[in-house]
Every structure is written in structure tokens, then in C-alpha cells.
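What follows is one structure encoded as C-alpha cells, with my remarks underneath.
The values are calculated or read from the model by the stated rules, or taken from the named source; none is laboratory data. These numbers were taken from a predicted model, which means no experiment stands behind them. Ligands, DNA and RNA are excluded from the accessible area calculation, which covers all protein heavy atoms including side chains. Shrake-Rupley method; radii C 1.70, N 1.55, O 1.52, S 1.80 Å.
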Amino acid sequence: MSTDHADAKAEIDRLTNSFFALFSNHDGAPDLDRIFDLFVPNGLIAKCTGPDPEISTLHEFIAPRQELLTNGSLTDFSESETSEHTHVFGNIAQRVSRYQKSGRLDGIPFSVRGVKTFQFLRTRTGWRILSMTWDDERDGLAITELSQSDWRVGIRCRQS
């Protein structure tokens, strides 16, 4: 791996870890405005857990989450990346992340696994996230265990 590629991967790792850590409310109210430091100004986020994707600007995305993470209905929330595969080519990169999230929603504990995809751009000020999309496991859609070679061809899911 070239030094430039290793440096890019390290910065992308940092951005991704910062994104996942952003939503934790274990230690009090999160500062979701930090999302603007991670993304390009016109970044987009798409939630694909239902029949129609919900595509949001950064402002549209953080407003309801700020409320949910601070009003007491979602507590002990955290999410983290459990595995990833990142492709870097010049000034662009893509990352597929398996992740898990857990917490208590209205006092009821939950734990969910899912897949997030990130697209990154190298800007004059460093790497930034261009977009992020995600989908979660649910009845009829489960993440199967992956070998390293599976990561090269993509996430394998079981749909019934």
C-alpha cells in the first residue's frame, strides 16, 4: 500500500469513526453540529430501511435526531462499525461498513445490525464524506457472515 493510499485510508478511518461516535448519548447530549466538519457542504444521507428511501440534507438529517437523542426517549444509544472494506482511487473513495447500534427507545432495549455505505472526496482541506446510505436487518433481510473475499464482491444478504 503506498504512503498516499495509507494516509487516505487513515483519514477515512478517522472520518468514519467520528461519524459513528457522533450519535452516542452515553455521556450526555451529543453535538450533532460536528457533522458539518465531516461532510462536504451539500452532503446527503439516505435512510433505506423502508419501501421508499428517505434522502436528507445534513440539516434535515440532524434536526429530528438531535431531538430524539436529547428528549429522553432514546437513551444509552451508540453505534459502531464492526467491519469495513474501503476502496481508494485517487481523489475518491467508497467504504462499505457493517455496523451495530443499540440503546433504549422509550425504555425498551434494542440492538440492530446493518450496512452503511460512504462515498468520500479528497478536497483542498482533506477528505470529506460526500454521502452516506444505510439499511438495517429486519424480517426477510439478514446480513450473512462474510469471508474476506466476499468483501471484494460486496455484502451478501439473505432475503426471504
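Taking all protein chains in place and a 1.4 Å probe, what share, in percent, of the accessible surface of the chain do carbon and sulfur account for?
Numbers: 4620 of 9090 Å².
Heavy-atom surface of the chain belonging to carbon and sulfur, 1.4 Å probe: 51 percent.
Heavy-atom accessible area per residue, the chain, 1.4 Å probe: how many Å²? Could the numbers behind the result be given before it?
Details: 9090 Å² over 160 residues.
Per-residue accessible area for the chain comes out at 57 Å².
Which three semi-axes in whole Å describe the equivalent ellipsoid of the chain, each the square root of 5 times a Cα gyration tensor eigenvalue, listed largest first? Could the numbers behind the result be given before it?
Values: eigenvalues 128, 90, 40 Å².
Ellipsoid semi-axes (Å, largest first): 25, 21, 14.
Cα centroids of segment 14-79 and segment 89-142: how far apart, whole angstrom?
11 Å
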